[in-house]
Amino acid sequence: MLRRCPLLLDGRALLDADVLFRAGLADRRASFELSFESLPAHTGLIVMAGIETFLDSFYRLVIDEPQLEAAQRLGGFSDKLRQWLSRLSPSIDVDAMPDGTLAFARTPVATVEGPLIEAVVVGSLLRATVQRATAVATRTARLHIASGGDAIIDGASAHAASADASLAIARWAFVGGASATTNVLAAMALSIPFRGAAGVDLGALSPAALSSSDGWGSSPADALLELAAADDEEALLIDAKRLGAQAGGWIARGLADADAKAYPMRYELVALEQSGAWAPRRGLSNKVADVVPGRKRVVRYADAAGRAVADVIHLTNERMHSPQAFGAATLAPLARAVMRDGRMLEAPETAVVGRERAIAARPSMPAEITRLRRPGTYPVELSPGLLALRAEL
């Protein structure tokens, strides 16, 4: 079957790109930032996911002329845009927080730089992927916290509508903290442990030898218990643990139902090439009041024990604060270069690497940030240079 081009998913982005052609701005070099505008109630942090899924989709990009012609007839965009898409040779740069990074609202999690038209079209795919993936990973992470050490098993991806969707959901859940999956395909393709138990009830047809074993042991602590997709899985698990329930694993059927709309995202222009240099912008119109202008990087400061103290958003050309200014011992940028001139810089990262990153980072956060109800607020600050630029513009 012909592979569909993901760049044709968002008709609005294509029409925006067409406007850029007509305005003569398509080739201006631009810098866009992706961030989460806000987090749901009782959510102190998010688990970033979707970067590897985006890179995989982009790497396997197929541009098919009949598809483009059909899309043009439906969308009404120009011949110039269709010809650009048919000849597309990606040239963007992408920096992003890798899968499993713990992040916060109003913080740039990815930056896309390159020709304005390409940044607009590609950014739509990046935004949609990261938003959905992060919602699933964060929901899984919260169940992992609520389980108090019991295994969370992805029971959702096996029921996705397509093989590609099932693999994506399984990856995101595993990054969030799932220990295994009931999805055989994902277990094979992503090297995720498989766990499951037969669910068929034979009644009187069942031989006695089968009636007392579920394949994982007979004690309650060995049993696989299901969190039905129709339930509030998190509340159900919290209540079960409060009552002393033990299990060898909790099969979460509703992970794919994580509400991506509860994690609204912004993808805004923050700088535009002008006379051969970067000029800070507040969105394309340069009038979006709450856009923080300028090209940026996010740095996490930690104390000598590795505990996170604060995140600071700096301008890329600005000297970073000394760790001592925050009573910290170290600093580390959170994003890394993943694509330059349209080419990936390193081999794809496995799902287990993202999972290990997420789980290892959680104890480094202040305990109140990881609470499932009424979490504390982690300090995210703008640097002096960024504050001055924002006030100037």
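Some notes on this structure:
- Net lengthening on full extension, A260/R319 (0.36 nm per residue, minus Cα-Cα): 17.7 nm
- Spin-label model, A277 to L372: label points 7 Å out along the Cα-to-beta-carbon direction sit 5.4 nm apart.
- From phi via Karplus (6.51, -1.76, 1.60), per-residue ³J(HN,Hα) for region 126-138 in Hz, x at Gly/Pro: 4, 4, 4, 5, 5, 4, 5, 5, 5, 4, 5, 5, 5
- Tilt relative to the chain, helix 163-176 - C-alpha long axis, 0 to 90 degrees, to 10: 80
- Dipole of the chain, positive direction: furthest Cα of I238, V136, L14, with charges on the beta-carbon: L14
- Relative to the Cα centre, the charge distribution of region 242-393, modelled as +1 at Lys and Arg Cβ and -1 at Asp and Glu Cβ, gives a dipole magnitude of about 300 debye.
- The trypsin sites (Lys or Arg not before Pro) of region 1-81 that DSSP puts in a loop, and whose beta carbon has at most 14 other beta carbons within 10 Å, are R3, R4, R60.
- Order of V184, V352 under a 10 Å beta carbon neighbour criterion, fewest first: V184, V352
- Once Kirkwood radius over Cα pairs in Å is calculated for the structure shown, the corresponding label among (1) 21.7; (2) 22.7; (3) 24.8 turns out to be (2).
- Karplus-derived 3J(HN,Hα), 6.51/-1.76/1.60, for each residue of region 280-289, Hz, glycine and proline x: x, 9, 10, x, 4, 6, 6, 10, 7, 4
- Other-chain or far-sequence residues with amide H under 5 Å of T107's (modelled H): F36
- Taking the Cα centre of region 248-334 as origin and assigning +1 to Lys and Arg Cβ atoms and -1 to Asp and Glu Cβ atoms, the resulting dipole is close to 140 debye.
- Positive-end residue, the chain charge dipole about Cα centroid, Cβ charges, pick of H42, A289, L334: A289
- Here the 3J(HN,Hα) profile of region 7-12, calculated from phi with Karplus coefficients 6.51, -1.76 and 1.60 at θ = phi - 60°, is 6, 9, 5, 9, x, 5 Hz, Gly and Pro shown as x.
- Between region 45-118 and region 239-315, the alpha-carbon center distance in angstrom: 18
- Helical mean residue ellipticity (222 nm; -39500 (n - 2.57) per DSSP H run of 4+; nearest 500) of the chain: -10000 deg cm²/dmol
- Rounded to the nearest 20 debye, the dipole magnitude of the chain is 860 debye, with +1 charges on Lys and Arg beta carbons, -1 on Asp and Glu beta carbons, and the Cα centre as origin.
- Amide H contacts under 5 Å for Y378, placed H, 5+ residues apart: none
- Simple spin-label estimate for Q83 and L205 in nanometres, 7 Å along Cα-Cβ: 6.5
- Counting only alpha carbon atoms, the long axis of helix 65-75 and the longest principal axis of the chain meet at about 80°.
No lab work stands behind these numbers, since they all come straight from the coordinates. Worth saying up front: this structure is predicted, and the values here are computed from it rather than measured. Quick reminder, even Gly has a Cβ in these numbers, built from the backbone with ideal geometry, and neighbours come from all protein chains shown.
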